[in-house]
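What follows draws every value from the coordinates through simple rules; no lab data is involved. Note that the structure is a prediction, hence the values are computed from the model and not measured. Note that each Cβ is placed from the backbone with ideal geometry, even for glycine, and that neighbours are counted across all protein chains shown.
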Amino acid sequence: MLPLDTIHAVIGYLATAAAPTAAPPRTELPNHHRLSGFADVLPEYTLLVLHDGEEPDAPPGTRRMSGGAVAIHPELVDAYHGGLVDLLTDFAGTLQPPADEPSTAGARVPLDRQSVAPALTRAIVPRPGARLVACAVLYDDIHTEPSTGHDNSPTIVLTRRVDAVDVDGRVYQVVRQSDRPDAVILVDDEPDVLDTPATYAGLTALITAALHLIAAA
């Protein structure tokens with residue numbers, strides 16, 4: 001079971017990831033899209049893998065949260081019938097024993113699906129002395145605001161979301177709407193599958209596969 005301070009560290013990490021300054025690489029949107037918010041662009045989806053480990057040059061027992069990121073192009077997500085939901089489940093099945101290569105942080109996965117496995121595997125396997133804590137996905141969604149003008153055209157506000165599942169099965173949701181200063185953060189210790197984000201099943205499959213991969217390494 002994760003201790004309370006680790007859970008708080010996960011929350012802090014995810015909240016930081018949802019901030020505008022932490023935006024992943026972005027792809028231009030067609031001109032006919034009218035957005036207000038972070039930028040008139042569509043971000044790539046980003047898989048986040050959180051580890052914690054002992055902090056060098058700190059008192060014994062001090063641990064630090066760190067993460068690896070794998071950016072996924074939107075067209076790769078669109079290639080799946082169920083979009084992000086199916087992609088996460090499929091990625092769980094692509095994990096393979098790690099090659100003797102350095103860890104990947106901030107890797108950008110091309111449209112070739114076969115390129116996912118090595119990048120994701122390198123991000124998942126922790127460095128010596130660290131442990132896997134959670135898997136998350138960062139993406140932007142759209143929220144439609146009612147019209148306040150004379151043309152009755154609704155305003156589409158870009159909303160950044162981070163969904164995560166930790167090794168205990170706990171579910172985290174961070175939602176940051178571009179026209180609001182603070183993020184909404186939800187943590188569910190006993191998630192109900194009927195009341196979880198759509199990414200829940202895929203993230204659960206991914207972290208289960210990751211734990212098996214690490215145990216076999």
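Using 0.36 nm per residue and subtracting the Cα-Cα separation, the extra length available between Ala19 and Met1 on full extension is 3.7 nm. Under the simplified labelling scheme, the Asp168-Val193 pair shows an inter-label distance of 2.2 nm, with each label point 7 Å from Cα along Cα→Cβ. Placing R0 at 30 angstrom, the Cβ-Cβ distance between Asp141 and Ala215 gives a FRET efficiency of 0.30 after rounding to 0.05.
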